1. Could you pull out the residue among Arg376, Arg367 that is charged (D, E, K, R), closer than 29 Å to Gly145 by Cα and outside the structural domain of Asp13 (by TED's automatic domain parsing)?
2. Of everything in the stretch 134-151, what is under 23 Å from Asp102 (Cβ atoms) and at pLDDT 95 or above? Give them in sequence order.
3. Of all the helices (runs of 4 or more DSSP H) wholly in the stretch 139-222, which have at least 2 residues that are surrounded by 19 or more Cβ atoms within 10 Å (Cβ to Cβ) and among the hydrophobic types (A, V, I, L, M, F, W, C)?
4. Scan the stretch 71-127 for residues that are within 16 Å of Asp13 (Cβ to Cβ), among the acidic types (Asp, Glu) and under 23 Å from the mean Cα position of the chain (by Cα) and jot them down.
5. What is the residue count in the stretch 61-83 for residues that are farther than 25 Å from Arg425 by Cα and touching a residue at least 24 places away in the same chain (Cβ under 8 Å)?
6. Of the residues that sit in the stretch 385-428 and are of a type in the set (D, E, K, R) and in a loop (DSSP other than H, G, I, E, B), which one is modelled with the lowest pLDDT?
7. Please list, ordered by residue number, the strands (runs of 3 or more DSSP E) wholly in the stretch 17-99 having 2 or more residues that are modelled with pLDDT of 95 or more and either among the basic types (Lys, Arg) or closer than 19 Å to Gly418 by Cα (or both).
8. I'd like the full set of residues that are in contact with a helix residue (DSSP H, G or I) (Cβ under 8 Å, 6 or more places away or on another chain) and either surrounded by 24 or more Cβ atoms within 10 Å (Cβ to Cβ) or closer than 15 Å to Leu259 by Cβ (or both), limited to the stretch 322-341.
Amino acid sequence: MMTYDEAVKYILDIPRFTKKNDAQHTRTFLEYLGNPQEKCRVLHVAGTNGKGSVCAYLDAMLRAEGKKTGRFTSPHLVKINERIAVDGIPVSDDLFCEAFGDTYAQVKRMEEKGLSHPTFFEFLFGMAMTVFAREGVEYAVLETGLGGRMDATTAVDRPEACVITSIGMDHMQYLGNTLAEIAGEKAGIIREGVPVFFAETCPESDSVIEKTAAARHSFCKKIGKDAYEILGIENKRIAFSCANAYYGNTTWTLNNIALCQPGNAMLAMETMRYLFGDEGHRDRWREALAEVKWEGRMEEILPDIYIDGAHNISAVEAFVESVPKDGRGNIVLFSAVKDKDYRKMISCLCSRMDADLYIVTRIRDGRAADAEELGRIFREHTDKPVMVITDLPEALGYARQNRNGRRVWCLGSLYLTGMIKELIREDA
């Protein structure tokens, strides 16, 4: 049996020797694993931004109902175990290794039969479903990896509900160059007769989801931007109320300051209402949501130092709307990967956020964008100081030393978010 480190190395090396497989391949893979997906009820979540938060909210409310839950999300920030959680807690190294061993054994059987090796994402998905079956999970919340129509998670044929978060421009090389095309890929998770709940984005994308649901005879509910009202932010928590009479005058709070999060919570809440009905749940859900802390989303990791996973233009736009406008001053620490539209992200940061120092760094990844190029683009869009410090620990140290009462916001890549979290843990 492989050690934990050997198992992780094997998984991380998978992209080097496999190719994209279709949904039928994933179904066959699940059959070799004993169809573990049939042993639990599945909530399937797709979308551009907010998927992880919606999964966390669903998971918390399901546990408040006394259900044993599994959660499969991506990417991880620091440790790969984060992708597979049972009852809200990432699996232990021992359980990770056991699931790896079971999955690896079946993959070898598949290869002996001439079947191709699962992809990186497929392999982890198989491990997750193996864990959930072994642990007796009642409800599994699954986040798509990319898109929806061709995603490995769509091999689960009959989820309890499909949930689609906001649609934005990201992964265009795979999903399409318009919001309608991208929405079509996300709407690919909608199954015949399975209810779908989605976040209002714009008529272009909303109509695609509604038409897909109608064609598949699925109950469809749009959670509009008027479904809730933000009441304010206090003590680093956002408070909101709901327009629906079911929720009454109750004030709901989230452990976050991002203005997009009440919409994500509402999407999860309305899904839960459909599944569990209207009676006797509200107070439990309110308490559960108030305790959710989804890492890497407007997360304060040190006093006045925040990390956010915004890595596409729609996420950056949502981020700048949430930055407090109280005159304290802001420092931006930024990095990105090559295949993102970082020029638009930088333009948005410079034009719509009041920052007086920009620090550009480079993440430790082969896909990293050149820091000097990022610095040049910042200088095209601002006359404020721009520092290029390619070494991340040095860049973070410079931001901390020169804070002078200002807030520091670190964003542009989930890789950056994870690496900063790891640096802070090492320093603790």
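The values are calculated or read from the model by the stated rules, or taken from the named source; none is laboratory data. The model shown is predicted, which means the values in this text are computed figures rather than measured ones. So basically every Cβ, Gly included, is an ideal-geometry build from the backbone, and we count neighbours across all protein chains shown.
1. Numbers: Arg376 fails: closer than 29 Å to Gly145 by Cα.
From the options Arg376, Arg367, the qualifying one is Arg367.
2. Going through the stretch 134-151, the residues under 23 Å from Asp102 (Cβ atoms) turn out to be 134-143, 145, 151.
Answer for the stretch 134-151, where residues must be under 23 Å from Asp102 (Cβ atoms) and at pLDDT 95 or above: Arg134, Glu135, Gly136, Val137, Glu138, Tyr139, Ala140, Val141, Leu142, Glu143.
3. On the way: elements: 172-175, 179-186, 203-215.
Correct list: 179-186, 203-215.
4. Scanning the stretch 71-127 gives a single hit, Glu122.
5. To start, the set of residues in the stretch 61-83 that are farther than 25 Å from Arg425 by Cα comprises 61-70.
When the remaining residues are screened for being touching a residue at least 24 places away in the same chain (Cβ under 8 Å), the result is 61-65, 67-70.
Here the count works out to 9.
6. Here is the first cut: in the stretch 385-428, the residues of a type in the set (D, E, K, R) are 391, 394, 400, 403, 406-407, 421-422, 425-427.
So of that shortlist, the ones also in a loop (DSSP other than H, G, I, E, B) come out as 391, 403, 406.
Numbers: Asp391: 97, Arg403: 94, Arg406: 97.
My answer is Arg403.
7. Values: elements: 41-46, 69-72, 84-86.
By residue number, 69-72, 84-86.
8. To start, the set of residues in the stretch 322-341 that are in contact with a helix residue (DSSP H, G or I) (Cβ under 8 Å, 6 or more places away or on another chain) comprises 331-337, 339, 341.
Scanning the stretch 322-341 gives Ile331, Val332, Leu333, Phe334, Ser335, Ala336.
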